[in-house]
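Below is one structure; the comments refer to it alone.
Taken together, the values in this text are just the output of simple stated rules run on the coordinates, not laboratory data. These figures come from a predicted structure and were not determined experimentally. A quick note on method: Cβ atoms are made from the backbone with ideal geometry, for glycine too, and the neighbour counts reach across all protein chains shown.
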Amino acid sequence: AEHAHPVILPAGHRIFAEGAEADRFWLLEDGAVALDIQIPGRGAVVLETLGPWTVLGWSWLQPPFRWHFGAVARDPTTATEFNATRVRAALEAEPELGYALLDRFLPVVIDRLQAARLRLLDLYGIAEERT
């Protein structure tokens, strides 16, 4: 808790961009956030929309600490923002806490990657139908 603070993200606010430094993460409390990926010739394509009581951000867990996706607030969103650098240091100091957190984050990572895979398959299928 000492590494966190409340934030309000206005609708349309880009929270982070794909490839930028992943130095924070959030617990969404209210609102909605769209995860997107930049596709050449198409621009930003939404992969998934996250709602309340969802974790936003997992790229801070492993080097090179760069966002794999982008994120934009779709609605006004309230969240708790965590300083990833400080949380990583706390996890290194307390390996049991680190294991517990990773155990909770791994399903998030798997769900996000599955959602991205399905959305990209859907987009690829649409592109194939047009040709």
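To test your reading of the geometry: what angle, between 0 and 90 degrees and rounded to tens, separates the Cα axis of helix 84-93 from the longest principal axis of the chain?
Approximately 50 degrees, to the nearest 10.
Non-local amide H neighbours of Arg74 (under 5 Å, H modeled in plane, Pro and chain starts lacking H): which ones?
The answer is Gly12, Ala32, Val33, Ala34.
Mind checking which of Val33, Leu120, Thr54 is farthest towards the positive end of the chain's charge dipole, using Cβ charges of +1 (Lys, Arg) and -1 (Asp, Glu) about the Cα centre?
Leu120
On average over all directions, what projected area in square nanometres does the chain have, based on the convex hull of its Cα atoms?
8.4
Given 0.36 nm per residue, what is the gain on full extension from Ala93 to Val7 after removing their alpha carbon distance, in nm?
28.3 nm
Using only helices, what value at 222 nm comes out for the chain when you add -39,500 (n - 2.57) per DSSP H run of length 4 or more and divide by the total residues, to the nearest 500 deg cm²/dmol?
Here the helix-only value at 222 nm equals -12500 deg cm²/dmol.
What net charge is computed for the residues neighbouring Arg112, neighbours being all others with C-beta under 11 Å from the C-beta of Arg112, Lys and Arg scored +1, Asp and Glu -1?
Taking every other residue near Arg112 into account, the sum is 0.
Run the dipole for the chain about the Cα centre, Lys and Arg Cβ at +1, Asp and Glu Cβ at -1, nothing else charged, and hand back the magnitude in debye, nearest 20.
Using only the charged Cβ atoms, the result is roughly 360 debye.
Compute the separation of the alpha-carbon centres of the range 70-90 and the range 1-56 and state it in Å as a whole number.
8
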